[in-house]
Amino acid sequence: MKTLLEFSRELAAIGQAGLTYSKDPFDKERFIRLRQMAGELLEMHAGVPDFRWPDEIGYPTPKVDVRGAIFQGAQVLLIKETASGLWTLPGGWADVNSSPKENVERECLEETGYVVEATVLTSIIDRDRAGYPRHANSIFKLFFLCEITGGAPTTNVECSAIEFFDVATLPELDPHRASREDIERAYQAYQDGSAGSHFN
């Protein structure tokens with residue numbers, strides 16, 4: 001059975017698709033109202049005051065989050081998020097006009113100070129179905145093995161610490177960004193020397 005969030009998300013997506021493809025001005029008004037109602041569902045019944053689905057154009061698709069897994073032996077590089085005070089793999093939202101490879105390499109550089117090369121795509125997961133805390137948007141998470149090719153650890157406004165940890169004894173992870181299972185799956189690919197999937 002779908003959750004209220006899933007219903008609201010689907011209604012908002014139908015409204016956005018209708019606005020994208022409909023030519024009739026009266027239908028457009030109905031689709032605008034449908035998107036408003038999708039937000040009101042969460043506002044009234046899920047205790048999310050003043051919630052509104054953001055105005056977007058084009059057909060609605062999931063957002064993309066990229067994460068880089070960098071290993072040295074049995075240790076993995078993690079950053080401590082300034083916002084939560086918890087640890088995670090470096091990464092973030094994918095930017096337009098950049099490939100998945102370019103996105104994860106840029107995120108790793110920005111968040112760690114290390115220049116890296118993405119070598120293996122270890123997994124693509126649906127955030128909801130992987131057991132992450134619910135998010136308003138539908139999100140696909142892409143995990144890459146990355147190798148350090150230069151640079152030096154450098155903290156910034158997004159992360160307050162950068163450290164390697166034993167995979168078997170990870171610190172408390174930020175539950176919204178990367179799970180223990182994600183890290184272990186990437187570590188298995190690292191150990192296996194997997195060639196992974198093609199990506200650019």
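The values are calculated or read from the model by the stated rules, or taken from the named source; none is laboratory data. As the structure is a computational prediction, the values presented were derived from the model and not from experiment. Ideal geometry is used to build each Cβ from the backbone, glycine not excepted, and the neighbour counts take in all protein chains shown.
Observations, loosely collected:
- Which numbered condition V76 misses (of (1) β-branched (V, I, T); (2) out of contact with any Ser or Thr (no Cβ under 7 Å at 6 or more places or on another chain); (3) at pLDDT 85 or above; (4) surrounded by fewer than 16 Cβ atoms within 10 Å (Cβ to Cβ)): (4)
- Single match in A38, A13, A94 (criterion: out of contact with any helix residue (DSSP H, G or I) (no Cβ under 8 Å at 6 or more places or on another chain), under 30 Å from D174 (Cα atoms) and aliphatic (A, V, I, L, M)): A13
- If only residues of segment 121-150 that are among the β-branched types (V, I, T) and either in contact with a helix residue (DSSP H, G or I) (Cβ under 6 Å, 6 or more places away or on another chain) or within 30 Å of I14 (Cα to Cα) (or both) are counted, the one that is surrounded by the fewest Cβ atoms within 10 Å (Cβ to Cβ) is I124.
- Flag for T119 being hydroxyl-bearing (S, T, Y), over 12 Å from the mean Cα position of the chain (by Cα) and within 11 Å of G68 (Cα to Cα): yes
- Residues considered: P175, P153. Of these, the only one that is assigned to a loop (DSSP other than H, G, I, E, B), more than 20 Å from the chain's Cα centre (by Cα), surrounded by 13 or more Cβ atoms within 10 Å (Cβ to Cβ) and not aliphatic (A, V, I, L, M) is P153.
- Residue match in segment 1-13 (condition: under 25 Å from the mean Cα position of the chain (by Cα), closer than 24 Å to R134 by Cβ, of a type outside the set (K, R) and loosely packed, with under 11 Cβ neighbours inside 10 Å): yes
- Qualifying position, being surrounded by 15 or more Cβ atoms within 10 Å (Cβ to Cβ), not assigned by TED's automatic domain parsing to the domain that holds A168 and not charged (D, E, K, R), among F26, F71, F31: F31
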